[in-house]
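To start, the structure itself, in structure tokens.
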Amino acid sequence: MVDGDLRNDNLARKLAEEDIQHAVITHPANALQWPEDMRRCVPNELLRVDRMPHPSISRPVAHSRVALDARQLRYFIAVAEELSFAGAADRLNVAQSAVSLQIKWLEEAFGTRLLNRRKRAAVSITEAGRLFLFEAEAAIRQLERAEQVGRLAARGELGQIEVGYVTLVAVNRILPSLLREYRGSHPAVQLRLTAMETPRQLEALAEGRLDAALIRPRPSYAAGVAARVIHREALCVALAADHPLASSRVLRAAELSNEAFIVPHVATFGSQVERLAAIGRFPIKIVHDVGDFVTALSMAAAGYGVAMAPESMRGFGFPEVVFRQLADFAEEVELAVAFRAAEPSASVRAFIDAAIALGRRPCGTLLSE
């Protein structure tokens, strides 16, 4: 009993079936929005039943709220479906008295009958009971879904993560290989990918706008940010297919002494060109600064100069450009996955682990896929 009016047994008997108090189970409408709110949802088996005004119910009773738990809902659903207290008890593997007690509590709390009981007839459900049954079943489904969501999220198998990447990881097949690997083990996790240069990625990572970053590694990182190298590959010289040096399979640094260099504004390629010139003992005469590798290769194809580029840039598919190795310049370009060292999300940690594991594979297994 939740109200003094309800302690009077005569009141319950006076509530005829046509005087139905419509009980509606309420819960936050956006409790399981996909996917952000889903990660924040904590399964809660306590629901509220709000009384809707009815002429036969006093105002204090009509505006009171009844706390329900999932057990009471499941007991009522079982009786309503079995139309038998004994059958419901067997189905639930509990004592029949426990079922009867919970149904009685519900009816007293609501101030109306949910079930009709007759000695020589099967249990039947009232109109109020039918309305309540519909909402009770929906509430149980919602609770079961919330429980499943919680378990999946705890294992890192559900949610959304934000990942940044430099263009090179898409060209050298690091990115497609990583996405395929991660999707195979975490198909329900949504990935949002954003192409951006390394400095912007590291800034976004430190501010929490990115969960993981595929970058060109740096000598140091902001506090709380860590990185692991996952890929290395050789640097080559890209030049026009009709360039006089294109006939040689391997070049030496000194052979580039008269060339103009096309340098993309990407990471440390400018300093690498300077080190190449130092090895070849020549001054750099002309430098074309461009925004990206596509522009650099386009200008090289047109004969404006030569470009230093990772070997995987062959995948851009410029038939007018050839790539030549350097015999006396052994520098490599590296790629890394950067992340917050104290990352709490299981789904993000799994992505980072997948990137690190991918980096342990021989480069050829990525480029040949």
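The values are calculated or read from the model by the stated rules, or taken from the named source; none is laboratory data. Treat the numbers as computed from the prediction; the structure is a model and nothing was measured. Positions of Cβ are generated from backbone atoms using ideal geometry, with glycine treated the same way; all protein chains shown enter the neighbour counts. Note: accessible area is taken over every heavy atom of the protein model, side chains too, but ligands, DNA and RNA are not part of it. Shrake-Rupley method; radii C 1.70, N 1.55, O 1.52, S 1.80 Å.
Between 301, 342, 327, the distinction of being among the small types (Gly, Ala, Ser), open to solvent by 50 Å² or more (accessible area, probe 1.4 Å) and either touching a strand residue (DSSP E or B) at 6+ places or on another chain (Cβ under 6 Å) or at positive phi (or both) belongs to 327 only. Looking at the structure I just gave you, is residue 248 farther than 30 Å from residue 351 by Cα, within 43 Å of the chain's Cα centre (by Cα) and among the hydroxyl-bearing types (Ser, Thr, Tyr)? No. Contact map, the range 117-130: first residue under 16 Å from residue 73 (Cα atoms) and free of Cβ contacts under 8 Å to residues at least 60 places away in the same chain, second residue open to solvent by 30 Å² or more (accessible area, probe 1.4 Å) and in a loop (DSSP other than H, G, I, E, B), Cβ cut-off under 9 Å, separation 6 or more or different chains; pairs are 125/83; 129/113.
Can you report the number of residues in the range 291-307 which are touching a Leu at 6+ places or on another chain (Cβ under 9 Å) and closer than 14 Å to residue 269 by Cβ? Summing the residues that are touching a Leu at 6+ places or on another chain (Cβ under 9 Å) and closer than 14 Å to residue 269 by Cβ in the range 291-307 gives 5.
Being without any contact (Cβ under 8 Å) to a residue 40 or more places away in the chain, surrounded by 13 or more Cβ atoms within 10 Å (Cβ to Cβ), in contact with a Pro (Cβ under 7 Å, 6 or more places away or on another chain) and in a strand (DSSP E or B) is a condition met by at least one residue of the range 281-293. Of everything listed in (1) farther than 21 Å from residue 316 by Cβ; (2) under 32 Å from the mean Cα position of the chain (by Cα), the single unmet condition for residue 258 is (2). Within the range 322-356, the residues that satisfy the criterion of being in contact (Cβ under 8 Å) with a residue 24 or more places away in the chain and part of a helix (DSSP H, G or I) are 346, 347, 348, 349, 350, 351, 352, 354, 355, 356. Of all the criteria given as (1) crowded, with 21+ Cβ neighbours inside 10 Å; (2) under 21 Å from residue 196 (Cα atoms), the one not satisfied by residue 316 is (1).
Scanning the range 301-318 for residues that are part of a helix (DSSP H, G or I) and farther than 14 Å from residue 235 by Cβ yields a total of 3.
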